[in-house]
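Read through the structure below, which is laid out as structure tokens, and then see the notes.
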Amino acid sequence: MISAPVASRLRLALCLLLPLMSGCESLHYYWQAVQGQWELVDKARPITALLDDPALDATLRHKLMQVNEARHYASESLHLPAGDAYSHYVALDRPAVVWNIVAVPEFSLEAKRWCFPVAGCVKYKGYFNQTDAQSAAQTLQAEGYDVAMGGVAAYSTLGWFDDPVLSTFIFDSDENLQRLILHELAHRQFYVSGDTTLNESWATAVAATGLEGLRGQSTGTPEHLPPDRRFEAVLLRETEDLLEQLKVRYTQFEESPTQYTLEERRSQKRQLIEDYQRQLQAQAAAYADSSRYARWWRDPVNNAHLIAVNNYYRWVDGLRYQLEVVLQGDWQAFYQWSEATLEPLEERERSALLDELNARATPE
């Protein structure tokens, strides 16, 4: 059953959204969002009650205890506003809670933005229904965008609701599960409307450093990564290199619009991506965990796929440097610096500052 306060909040959310809708597509989109959130609230069950049940599946019990440990650590040691987030569990009958779409112009690395009443402007659009997401992706492809669509195991409502633990991610490894909880709770502490790359990089950095404290081990360098994540470091490094090459090439196309035909542009882009995929495949044999990333050299890759990865990792090194080196691990000082220094800046100035921090963190 939905409690009266939660039901009132959902109705209020819908009332706030209705005046902002224009056209059937908007009405349908926001209605599916309200329905999707309503389902999560309605199906949520208190974790404390589940743990009190002696018949609870042993694996699920263990995972829920890992969640509780991460929540407690986030609140007590990282001073994150956990509240009642992740204190309930929802079993869903699908592999993802939402399906996100990222769209990027064919010769650009700047993702399309969508703006919403609560989350502000973001570089993705999420659907609770996979068919709706596929239809939207096809429309964007027809408009000439590079499009990436993928299922998402978890998302944050930024404190608007007490987000639940979901069956879509609960059975991941203990380390990945706790990393996800810390990441999502970090969004409740700091979020800049309109800057997806900062928000995701910031939460990734907080989760990475926080996880090291929680689990008492280093997670930040390839040699210390667990066996199931070591190829991830290779993927991130190669993706960053490719993005730099594409940035140079796209700038050349923009500055000399008559020098290259459309087919020449496409050919040069395709060659860079194919080289990247061959490089990944060649390195994969040396890593036991590489098979889970096989789609990166097996399936087509475009700007949108690359940007989706970049959003989560672009400034992680610089942000961890600021937290761990400059501020000596003082979480409260890091939050204050983020709010006082990063948030007020224009996006271009903010990017320049974070790029400078990245350079300090990884000097050549």
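Overview of results
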{"quantity": "Residue in the stretch 103-114 that is at pLDDT below 95 and more than 21 Å from the chain's Cα centre (by Cα) present", "calculated": "no"}
{"quantity": "The listed residue being outside any helix (DSSP H, G or I) and over 27 Å from residue 140 (Cβ atoms), out of 345, 353, 319, 357", "calculated": "345"}
{"quantity": "Hits in the stretch 123-165 (condition: surrounded by fewer than 21 Cβ atoms within 10 Å (Cβ to Cβ), β-branched (Val, Ile, Thr) and either touching a strand residue (DSSP E or B) at 6+ places or on another chain (Cβ under 8 Å) or part of a helix (DSSP H, G or I) (or both))", "calculated": "131, 139, 152"}
{"quantity": "The stretch 251-298, residues that are surrounded by 11 or more Cβ atoms within 10 Å (Cβ to Cβ), assigned to a helix (DSSP H, G or I) and aliphatic (A, V, I, L, M)", "calculated": "272, 273, 280, 284"}
{"quantity": "Answer residue from the stretch 41-60, given it is surrounded by 15 or more Cβ atoms within 10 Å (Cβ to Cβ) and assigned to a helix (DSSP H, G or I) and is modelled with the lowest pLDDT among those", "calculated": "41"}
{"quantity": "Subset tally (residues that are among the charged types (D, E, K, R) and more than 18 Å from the chain's Cα centre (by Cα)) for the stretch 293-330", "calculated": "5"}
{"quantity": "Evaluation of residue 94 against (1) among the charged types (D, E, K, R); (2) more than 28 Å from residue 246 (Cβ to Cβ); (3) buried (at least 16 other Cβ atoms within 10 Å of the Cβ) (one fails), failing number", "calculated": "(3)"}
{"quantity": "Those residues of the stretch 307-358 which are among the aliphatic types (A, V, I, L, M) and touching a residue at least 40 places away in the same chain (Cβ under 8 Å), in sequence order", "calculated": "307, 308, 309, 316, 319, 323, 342, 354, 357"}
{"quantity": "Matching residues, the stretch 338-356, being over 21 Å from the mean Cα position of the chain (by Cα) and closer than 27 Å to residue 233 by Cβ", "calculated": "352, 353, 356"}
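The values are calculated or read from the model by the stated rules, or taken from the named source; none is laboratory data. A quick note: this is a predicted structure, and the numbers were derived from the prediction, not measured. Note: ideal-geometry Cβ built from the backbone for every residue, glycine included; neighbour counts use all protein chains shown.
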